[in-house]
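Worksheet for the structure shown next.
Only the coordinates and a few stated rules stand behind these numbers; no lab work does. Quick caveat: nothing in here was measured; it's all calculated off a predicted structure. Methodologically, a virtual Cβ is constructed for each residue, glycine included, from the backbone with ideal geometry; neighbour enumeration extends over all protein chains shown.
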Amino acid sequence: MSVSLFSLAAVFAASVVASMGLGGGTVLLLYLSFFSTLSQPQMQSLNLLLFVPTAALSLWLHRKHGLVELSLLPGCIAGGVLGGILGSLLSNRLDPALLQKAFGVFLLLIGLRELTGVMKPLYKKFRHRA
């Protein structure tokens, strides 16, 4: 995969969206799926790698604005690092086709959860009108 302005823009957009907690990893994986020749484990590893600087910048900005509970920070960092390492090792041992299907199901479940989260307040709002 060659580096182009389009590639840099896609990585930048994914990083910005990820720093806001809005699914930047999904944006990056979609870009890599359509515009690169990387394998599924390589794409997932690159996705995990992108989150290191993105998470560091996001943590600094959130801390600057007083949005970080410092007492929870060590456990969150340890869990994130351990989960990233174990997930990366596991993804390299599993069949890529199985990973694709599992990730697709995971994205579908997350999407449904987000959709129901949006729909519940609307449902309550319209239900109380009657």
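Taking the C-alpha atoms only, the angle from helix 5-19 to the longest principal axis of the chain is near 40 degrees.
In order along region 36-43, the phi-based Karplus estimate (6.51 cos²θ - 1.76 cosθ + 1.60, θ = phi - 60°) of 3J(HN,Hα) comes to 9, 10, 6, 7, 4, x, 5, 5 Hz; Gly and Pro are listed as x.
Can you list, largest first and rounded to whole Å, the semi-axes you get for the chain by taking the square root of 5 times each eigenvalue of its Cα gyration tensor?
28, 22, 17
Nearest 10 degrees is fine. How inclined is helix 96-127 to the longest principal axis of the chain, computing both from alpha carbons? Value to nearest ten degrees: 20. By the count of other C-beta atoms within 10 Å, a proxy for reagent exposure, LEU57, LEU48, LEU28, LEU22 are ordered fewest to most as LEU22, LEU57, LEU48, LEU28. For the chain, averaging the sequence separation of C-alpha pairs within contact (under 8 Å, six or more residues apart) and dividing by the residue count gives a relative contact order of 20 percent. Our coupling estimate for region 26-32, obtained by passing each phi through the Karplus curve with A = 6.51, B = -1.76, C = 1.60 and θ = phi - 60°, is 5, 4, 5, 5, 5, 4, 5 Hz, Gly and Pro reported as x.
Taking each residue as 0.36 nm, the span from ALA102 to MET20 lengthens on full extension beyond its C-alpha to C-alpha distance by 27.0 nm. Put a dot 7 Å past the Cα of THR116, heading toward its Cβ, do the same for SER71, and the two dots end up 3.2 nm apart. The alpha-carbon of LYS125 sits under 20 angstrom from the alpha-carbons of these aspartates and glutamates, leaving out residues fewer than 8 places away in its chain: GLU114. Helical runs (DSSP H, four residues minimum) scored at -39500 (n - 2.57) apiece and divided by the length of the chain put the mean residue ellipticity at 222 nm at -28000 deg cm²/dmol. Of the residues PHE51, GLY23, GLY111, the one whose Cα sits farthest towards the positive end of the charge dipole of region 7-130 is GLY111 (charges of +1 on Lys and Arg Cβ, -1 on Asp and Glu Cβ, taken about the Cα centre).
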